[in-house]
Amino acid sequence: MTGLFGGAFDPPHSGHVALAAGAKEAFDLPRLLVLVSARPGHKATQSPPEVRLELARAAFPDDDVRLDPYPRTIDLLRAERFDQPLFVMGADEFASFLAWKEPEAVLDLAELAVGTRPGYPQDGLELVAARLGRPERVHFFEIPPNAASSTAIRAGARGDQLVPPAVAALIRQRGLYTEA
């Protein structure tokens, strides 16, 4: 099984790290392939791909980290072959999964590992899963609560609990994500 964890990682934060660690533990994955979207199809990024790649490598030192040239997950899954792909995502991403480009095709090509946290409304997630043609390919696992947010960090929020220390050091060194 190949664990895939994609995102803009603008910047990678402690919630991303907790999600990756939880997936590795829940599914007995020794490593993940962390895919930093070079051109996310669903959102604008503040930092260029090379900077986000460097930050992701600092956040996930024990995993394989590389740029993902495909703007959508389905494009990646069609272009590359992975051994039993398990696509890792947070509950907030899964809540909008039906709006993704070709969600049923994504589910045909990969199973989903969805990290939930205490207090997140499960009803909405179950409704999304129920609307899928192959809900048995969606696996939920729980992670500890985490208040980190890339949006807040880009807006200038600071705190040791928001990003891993190596990421915080790079943010300071490069003067990234300072308040406008």
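The values are calculated or read from the model by the stated rules, or taken from the named source; none is laboratory data. On a predicted model such as this, the values are computed, not experimentally measured, just so you know. Here the Cβ positions follow ideal geometry from the backbone for every residue, glycine too, while neighbour counts run over all protein chains shown.
Yes/no matrix, rows are residues, columns are (1) modelled with pLDDT under 95; (2) closer than 17 Å to residue 57 by Cβ; (3) of a type outside the set (Val, Ile, Thr):
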| residue | (1), (2), (3) |
| --- | --- |
| 141 | no, no, yes |
| 147 | yes, no, yes |
| 150 | yes, yes, yes |
| 155 | yes, no, yes |
| 159 | yes, no, yes |
| 162 | yes, no, yes |
| 171 | yes, yes, no |
| 175 | yes, no, yes |
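Please return the ranges of helices (runs of 4 or more DSSP H) entirely within the range 69-116 where 2 or more residues are touching a His at 6+ places or on another chain (Cβ under 6 Å), modelled with pLDDT under 95 and loosely packed, with under 15 Cβ neighbours inside 10 Å.
Fully inside the range 69-116 and qualifying: nothing.
Does residue 21 count as in a loop (DSSP other than H, G, I, E, B), within 21 Å of residue 148 (Cα to Cα) and either under 15 Å from the mean Cα position of the chain (by Cα) or without any contact (Cβ under 8 Å) to a residue 60 or more places away in the chain (or both)?
No, not satisfied.
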